[in-house]
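Since the structure comes first, as structure tokens, the remarks are kept for the end.
The values are calculated or read from the model by the stated rules, or taken from the named source; none is laboratory data. Just so it is clear, the model here is predicted, and its values are computed rather than measured. Every residue, glycine as well, gets a Cβ built from its backbone with ideal geometry; the counts of neighbours run over all protein chains shown.
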Amino acid sequence: MSAIHTLLTVAWICAIDPAGEVRHGEVKRFPLHVDEFTTQMLVFCDWSKVQEGRLRLALRSSDGELVPLSENLTLSSRTTYQILQVKVPAFVDTPALGHSPWILEIHPDGLAPGESEPFLWYAYVATSLQMPITASPLKVAPGMPVTVQATLPQTGLTSVTARFSGQPIFAALHDDGQPPDLVADDRVYTATIVAPATAGIHKLQVRAQGPTEKASFHREPSLQIEVLP
């Protein structure tokens, strides 16, 4: 991840899909959230069997059209992985942006009939619009409250929520000046969420989404909270 951060001095958003599997004759599809603040995207796909071109990545924009290979969209292939890189001109083209997500496609081009292949994909999206989050305390007793804040210079949000990974309970963050939020309309969203009952390191995720002028906004940063024994 550190090597990727040297490419641009902006925030990187990482979406990771658990190990999946694709079969001969099918195409796997996954949404990727792209907006006018996106400046670059790198998609990595790893597979197991040593065979160059066994799997192939493709990208469709919000209008459903296939994004063609060009100087702004390139593919690099090796025997067990493929990398797709998209540069900023592909994102600022207005017809390519919309309120529907872009779609990543994984094609099993090198699979014979009856074959299947496990894979893992990662998408790193560089954006000029960041959403810093904080939480307090970072070390907490089981079942005790944690205050979480998200700062976002973006209006028109439909929701900002927080939850601990693997936990069913969500907390809605608000910017209305009502406790635990301190100041209304300062674009700092705040909520209190109860820490898990199990001791250990837990990931606290914050999700914000809503429309932008040309597309749809989606951010989901996270941080770690230690629940004490």
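With respect to being closer than 26 Å to residue 210 by Cβ, surrounded by 12 or more Cβ atoms within 10 Å (Cβ to Cβ), without any contact (Cβ under 8 Å) to a residue 60 or more places away in the chain and not assigned by TED's automatic domain parsing to the domain that holds residue 216, residue 34 falls outside the description. Of the numbered criteria (1) farther than 30 Å from residue 97 by Cβ; (2) outside any loop (DSSP other than H, G, I, E, B); (3) of a type in the set (A, V, I, L, M), the one residue 126 fails is (1). The selection criterion, being within 18 Å of the chain's Cα centre (by Cα) and assigned to a strand (DSSP E or B), holds for residue 104.
Which one is modelled with the highest pLDDT, of the residues in region 1-26 that are of a type in the set (Val, Ile, Thr) and assigned to a loop (DSSP other than H, G, I, E, B)? Applying the filter and picking the extreme gives 10.
Of the residues making up region 145-166, those that are at pLDDT below 90 and surrounded by 15 or more Cβ atoms within 10 Å (Cβ to Cβ) are 152, 154, 157.
Can you find, within region 167-195, the residue that is surrounded by the fewest Cβ atoms within 10 Å (Cβ to Cβ) among those that are touching a Pro at 6+ places or on another chain (Cβ under 8 Å) and modelled with pLDDT under 95? This residue is 187. Looking across region 196-213, just one residue is over 15 Å from the mean Cα position of the chain (by Cα), over 19 Å from residue 141 (Cα atoms) and crowded, with 17+ Cβ neighbours inside 10 Å, and that is 212.
Every residue, every condition in (1) at pLDDT 90 or above; (2) in a strand (DSSP E or B); (3) of a type in the set (S, T, N, Q), yes or no:
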| site | (1), (2), (3) |
| --- | --- |
| 114 | yes, no, no |
| 118 | yes, yes, no |
| 131 | no, no, no |
| 134 | yes, yes, yes |
